[in-house]
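Let me begin by presenting the structure, written as structure tokens, before commenting on it.
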Amino acid sequence: MALARPWGCPPLRNVPILGDQYTSREFFDREWSSMWTKVWLLMGRSSELSQDGSYQMEEIGPESFIMIRQKDGSIRAFYNVCQHRGSRLLFNNEGISNEIVCPYHGWEWANDGSLSQVQDPEDFIDGNPCDDMTLVEVNCELFAGFIWINMDPECISLKDYLGPVWEEFEAYESHDWIRGPSSTVDVNCNWKVPQDNSCESYHLPSVHPQGLKWIEHSYKYCHFDWCEEGHNRMSIPMVTPSHSLTREELEVDDQLREMLEPWGLKAEDFEGREFETRQTVQSVKRETGSERGYQFDQLFDDQLTDAYHYNIFPNVTVSFAGSEYIGLQRMRPHRRDPERHYYDNFMYLSHGAAARIGATKPEERRFFKYGTDLMNREIADQDLAVSTGQQLGLSSRGYSGVRLAGQEGRVQRFHDVLDEYLEGSRP
């Protein structure tokens, strides 16, 4: 199957990337008013809202949203705020409710946002509030099994917003993949620090050395590009030795075995022909994938082995690891502190991968403060460790701004697009 189409790579604008963009409350407020309220945001998981009245609540910045399954099977999203005196309505991250009851004065809101009951309706001089008050709804669309919202009443469609991401994401047929290990971590760094990190692979040798032998990390063999819509992409060849290794270093090890044995291949069979592993795995996956519960029909061969990594502007990173699972990171700004954010790290397992490990239901999402626990996902834990240290340096008077290598062009592109929102030229 043919490779993915190039994305065009509009010219970089090379806007300055300075330390105060990660520490300034003024810059933080500009981001909220000019960017966050204008973009499509990945918020919930539609397949986890299994019945009428099941809901998820998510916060981003100063706002909170309720996404709730309707009687007709659709999903609608509302600001999580009572229209009476402004109380938050729901505080649980997920649940099932026949109605949404305000904890302050007991106003009862139906799942479709209408007001069904209030105390002492005759006491309101403007008439019964149930006659004309509703929860405030936000634009809501479903794609790839996720719930996306947009606070801008005049927003473009989600498909137009995602551009080429739509077609490539859709090809994985991941709409009903099951949630694996998932964590939300309260971290003392600006949301852009880990997003910058996810926009480059230059840090792999120093931060993730454990994974380099059978994952090609050299920028000379990886692919980087970005699209007009503001998103960027990277693909990294996997199940193949790095070209930086010498012949003496090309030894069969446990890492290679973990990549080959689930597909009935023996690592020892590739001694002396290590560079054949990637193509062999692609062939075996193509031949046997469907009988193992995988859906590979819409994927090109490289997607069967390689890490395809998408940065969806502004705050989501989606990594497809050999078409078997999704690693998803989402960075959500704090309500008021520019040097703090919430880092969501989710895994979603394909049908074949879930069957192989015996996963039958979504795993519970863990919440904790950074430093009190680990996500137990080595790469993500390593990334956060360097992110908190970087935040400390960004506030230094001795730091004057970035100097980027060519392979860090996606970092520059991310900041170029952000600047376009701040100056008002997007959307």
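Read the figures in this text as sums done on the coordinates, not as results from a lab. Quick caveat, the model's predicted, so the values are computed rather than measured. Here the Cβ is made from the backbone with ideal geometry for all residues, glycine too, and neighbour counts use every protein chain on show.
So here's what we get for this one:
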read-out	value
Karplus-derived HN-Hα couplings along the stretch 82-89 (A = 6.51, B = -1.76, C = 1.60, θ = phi - 60°), whole Hz, x at Gly and Pro	6, 7, 7, 10, x, 6, 4, 8
GluC sites (Glu not before Pro) restricted to DSSP loop in the stretch 112-168 with at most 14 other C-beta within 10 Å	GLU154
Debye log10 I(q)/I(0) at q = 0.12 Å⁻¹ for the stretch 41-150, Cα point scatterers	-0.40
For the chain, the Rg and Dmax computed from alpha carbons only, in angstrom	23.2, 86
Convex hull volume per residue for the stretch 242-397, taking Cα atoms only, in Å³	178
Environment charge of GLU173, counting only residues whose C-beta is closer than 15 Å and scoring Lys/Arg +1, Asp/Glu -1	-4
C-alpha center-to-center spacing [the stretch 14-53, the stretch 347-391] in angstrom	21
Net charge of neighbours whose Cβ lies under 13 Å from the Cβ of ASP52, counting Lys and Arg as +1 and Asp and Glu as -1	0
Out-of-range pairs (alpha-carbon distance over 21 Å; input LYS266/LYS361; LYS38/LYS159; LYS38/LYS71)	LYS266/LYS361; LYS38/LYS71
Crossing angle, helix 409-422 versus the chain [Cα axis fit, 0-90 degrees, rounded to tens]	20
Nitroxide proxy distance, nm - points 7 Å out along Cα→Cβ at LYS71 and GLU137	1.5
Rounded tilt (10° steps) of 277-288 against the dominant C-alpha axis of the chain	60
For GLY180, residues with placed amide H under 5 Å, excluding near neighbours	MET347, TYR348, LEU349, GLU363
Proximal charge balance of ASP383 [Cβ under 14 Å; K/R count +1, D/E count -1]	-2
Sequence of ARG397, ARG69, ARG25 once ranked by neighbouring C-beta atoms within 10 Å, starting from the fewest	ARG397, ARG25, ARG69
Anisotropy class of the stretch 209-257 from Cα gyration tensor, a/c 1.5 cut	prolate
